[in-house]
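J.: What follows is a structure written as C-alpha cells; I'll ask about it next.
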Amino acid sequence: QVQLVESGGGLVQPGGSLRLSCAASGSIVSIHTMGWYRQAPGKQRELVATITSGGSTNYADSVKGRFTISRENAKKTVYLQMNSLKPEDTAVYYCNLRQVGINYWGQGTQVTVSS
C-alpha cells in the first residue's frame, strides 16, 4: 500500500504564492509518476502537473509558466510551487502517485484564491 499526505494549502490573495507538499510512504516502486490534480466545486477533477521518477514534467496549459512541480527522491516528496495565483485556481488539490497501473490519492488540501 501507498500513503500520501499533503500539506501547504490555504487562503491567498490573487497574485500570491503557495507551496504544496506531498509525502509518500509505503510500497513504492522505482518507476512511478507523482503529480497534482485539482477539483473545483461542480467540476471534474483535472490534471495540474506530473513528474516522473526520471524527472520529466507535464503541465496543464492553464498553469504553465506559473506553477512548478519538483520532487525530492530521498524524502519521497513532491512539491507544487504555485505563483501568480488566480481566483480560478481555487480548488481542492490532490496528490497522486501512479505505479504499475494503480492510482493512489491523498486526502486533498484546499487552496482558495480570494481578496
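The values are calculated or read from the model by the stated rules, or taken from the named source; none is laboratory data. Note that the coordinates shown come from a computational prediction; the quantities given were computed from them, not determined experimentally. Reconstructed Cβ throughout: ideal geometry from the backbone, glycine too, with neighbour counts over all protein chains shown. Side chains are part of the model used for accessible areas, which takes the heavy atoms of the whole protein and leaves out ligands, DNA and RNA. Shrake-Rupley method; radii C 1.70, N 1.55, O 1.52, S 1.80 Å.
J.: I want to confirm something. Restricting to segment 18-44 and keeping residues that are of a type in the set (Gly, Ala, Ser) and assigned to a loop (DSSP other than H, G, I, E, B), which single residue is surrounded by the most Cβ atoms within 10 Å (Cβ to Cβ)?
T.: Of everything passing the filter in segment 18-44, 40 is surrounded by the most Cβ atoms within 10 Å (Cβ to Cβ).
J.: Return the residues of segment 75-108 that are among the β-branched types (Val, Ile, Thr), touching a strand residue (DSSP E or B) at 6+ places or on another chain (Cβ under 6 Å) and part of a loop (DSSP other than H, G, I, E, B); say none if nothing qualifies.
T.: Correct list: 90 only.
J.: Hey, any hits in segment 45-57 for a residue that's of a type in the set (D, E, K, R), in contact (Cβ under 8 Å) with a residue 12 or more places away in the chain, exposed (fewer than 14 other Cβ atoms within 10 Å of the Cβ) and under 13 Å from residue 95 (Cα atoms)?
T.: Checking segment 45-57: at least one residue is of a type in the set (D, E, K, R), in contact (Cβ under 8 Å) with a residue 12 or more places away in the chain, exposed (fewer than 14 other Cβ atoms within 10 Å of the Cβ) and under 13 Å from residue 95 (Cα atoms).
J.: Moving to a separate point now. Output the residues belonging to segment 58-74 that are open to solvent by 70 Å² or more (accessible area, probe 1.4 Å) and either out of contact with any strand residue (DSSP E or B) (no Cβ under 8 Å at 6 or more places or on another chain) or outside any strand (DSSP E or B) (or both).
T.: Listed by number, the residues that qualify are 61, 64, 65, 73, 74.
J.: Let me ask something else. Just wondering, is there one or more residues in segment 40-57 that are closer than 20 Å to residue 14 by Cα and hydroxyl-bearing (Ser, Thr, Tyr)?
T.: No: segment 40-57 contains no residue that is closer than 20 Å to residue 14 by Cα and hydroxyl-bearing (Ser, Thr, Tyr).
J.: Output the qualifying pairs, or none if there are none: Cβ atoms under 8 angstrom, residues six or more apart or on different chains, first residue in segment 3-21 and touching a residue at least 60 places away in the same chain (Cβ under 8 Å), second residue of a type in the set (Asp, Glu) and not in a loop (DSSP other than H, G, I, E, B).
T.: 20/6
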